[in-house]
Amino acid sequence: MALSTRDLLPIGELAARSGTAASALRYYEEIGLIHAERTAGGQRRYRRATLRRLAFIRAAQRIGLTLDEVRDSLAGLPLDHVPTAAEWNAVATTWQRRIDAQIADLQRLRARLTSCVGCGCLSLTRCGLYNSGDAAAALGPGARYLVGDEPGAS
């Protein structure tokens, strides 16, 4: 079935309606998050369903998904129509697991910060979180003890 021009949006209109910069739309197309049809003159035209995909991308970024994770989630959703409830539920289940893991990480971080900042010692020589000899380096980059790794676990 051929799409009418009413069903296809030029990049400027899609950018205005979605609140996404045209440069971001071109990038999203380049990495496979969205798809554009091309006119005979090479201009991009996007299906209206792309507005939903862009809302999906924005929501995914708000919960902290990387663009690679967004692409993986979008791979199971249709390009040509708004996802059905069943199609969306499969993605939502994955997101719920990700959000639950983030909540657990944040709760661990909050508990660690409260005990560290709240103790009042302000001394690296006496602090229970002190990292003498850089023992946490073997656990990876970043503040390992604040994100849940236990001292002595390396």
- Item | Qualifying position, being more than 17 Å from Tyr28 (Cβ to Cβ), modelled with pLDDT of 85 or more and surrounded by 11 or more Cβ atoms within 10 Å (Cβ to Cβ), among Glu69, Glu87 | Glu87
- Message: So in region 21-54, with the set limited to residues that are of a type in the set (Val, Ile, Thr) and within 22 Å of Glu87 (Cβ to Cβ), which one is surrounded by the most Cβ atoms within 10 Å (Cβ to Cβ)?
- Response: Ile34
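The values are calculated or read from the model by the stated rules, or taken from the named source; none is laboratory data. Remember, predicted model here, so these are calculated numbers, not experimental data. Ideal geometry is used to build each Cβ from the backbone, glycine not excepted, and the neighbour counts take in all protein chains shown.
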